[in-house]
Amino acid sequence: MSAILPPSDRLWWKQPLDRVEGTWILIAFIWCMIMFAMMVGWHIYGKQNLSTETYKTTREMYTAKTQAMVDKYTVRTETDRKIPVVHPPAGSDVYLIARLWDWWPVLELEKDKTYRLHLTSMDYNHGFSLQPVNINIQVVPGYEHVVKVTPNQSGIFSIVCNEYCGIGHANMAGRIYVK
Ligand code: CUA
């Protein structure tokens, strides 16, 4: 049979199934089932894709909360752009803004203390990707995502955006210090 000419027997589904073809269908089916179970399993056992609480918010409401935290707990600024480095008290609610094209402000957290990390976007979808630990959270405008975090190692962590958001996407980076 040729792939160019129409099949001589047009009722192809009445032909017996070849053993090789049947085997491949079976392998593909089993793999589909494994991947399906992984979606649920990874949600429970995975450490990368955190489950967030999500609330509706507005830019104004969220900006006000973030600004209040920045005004109260800024300990220094960094770079020529004077990005505030904020050291909120352990156990508190901490706020991070994603926007074209940065993460604001820089957070300084304490090791082994638990925080409620809030995230939202001021404009488009962004992706919060914390490196090098590879934690990923979708950041959607209009919604406030809240995730409980307990940093268990000190160091400098980078936040990169992993949701394409325009010309400055590749430069959309932020920072979290853990002391
Ligand atoms: Cu923000 Cu890509």
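Looking across segment 161-175, the residues that are within 8 Å of the ligand (Cβ to nearest atom) and in contact with a strand residue (DSSP E or B) (Cβ under 8 Å, 6 or more places away or on another chain) come down to 161, 162, 163, 165, 169, 172. What tally of residues in segment 89-100 results from selecting those that are under 18 Å from residue 120 (Cα atoms) and either more than 22 Å from the chain's Cα centre (by Cα) or assigned to a loop (DSSP other than H, G, I, E, B) (or both)? Total satisfying the criteria: 2. Here is the figure for segment 151-167: residues that are β-branched (Val, Ile, Thr) and either open to solvent by less than 40 Å² (accessible area, probe 1.4 Å) or modelled with pLDDT under 90 (or both) total 1.
Can you name every residue in segment 98-138 that is polar (S, T, N, Q) and farther than 15 Å from residue 53 by Cα? Passing the criteria: 114, 121, 125, 129, 131, 134. The single condition among (1) more than 10 Å from the ligand (Cβ to nearest atom); (2) open to solvent by less than 70 Å² (accessible area, probe 1.4 Å); (3) of a type in the set (D, E, K, R) that residue 148 does not meet is (2). The condition of being assigned to a loop (DSSP other than H, G, I, E, B) and free of Cβ contacts under 8 Å to residues at least 12 places away in the same chain does not hold for residue 123. Screening residue 141 against (1) open to solvent by 10 Å² or more (accessible area, probe 1.4 Å); (2) closer than 21 Å to residue 51 by Cα; (3) touching a Pro at 6+ places or on another chain (Cβ under 9 Å); (4) within 16 Å of the ligand (Cβ to nearest atom) leaves a single unmet condition, (3). Of the residues 71, 80, the single one that is more than 16 Å from the ligand (Cβ to nearest atom), in a helix (DSSP H, G or I) and open to solvent by 80 Å² or more (accessible area, probe 1.4 Å) is 71.
The values are calculated or read from the model by the stated rules, or taken from the named source; none is laboratory data. Keep in mind the model is a prediction, meaning the values are calculated, not measured. Heads up, the Cβs are rebuilt from the backbone with ideal geometry, glycines too, and the neighbour counts pull from every protein chain shown. Side chains are part of the model used for accessible areas, which takes the heavy atoms of the whole protein and leaves out ligands, DNA and RNA. Shrake-Rupley method; radii C 1.70, N 1.55, O 1.52, S 1.80 Å.
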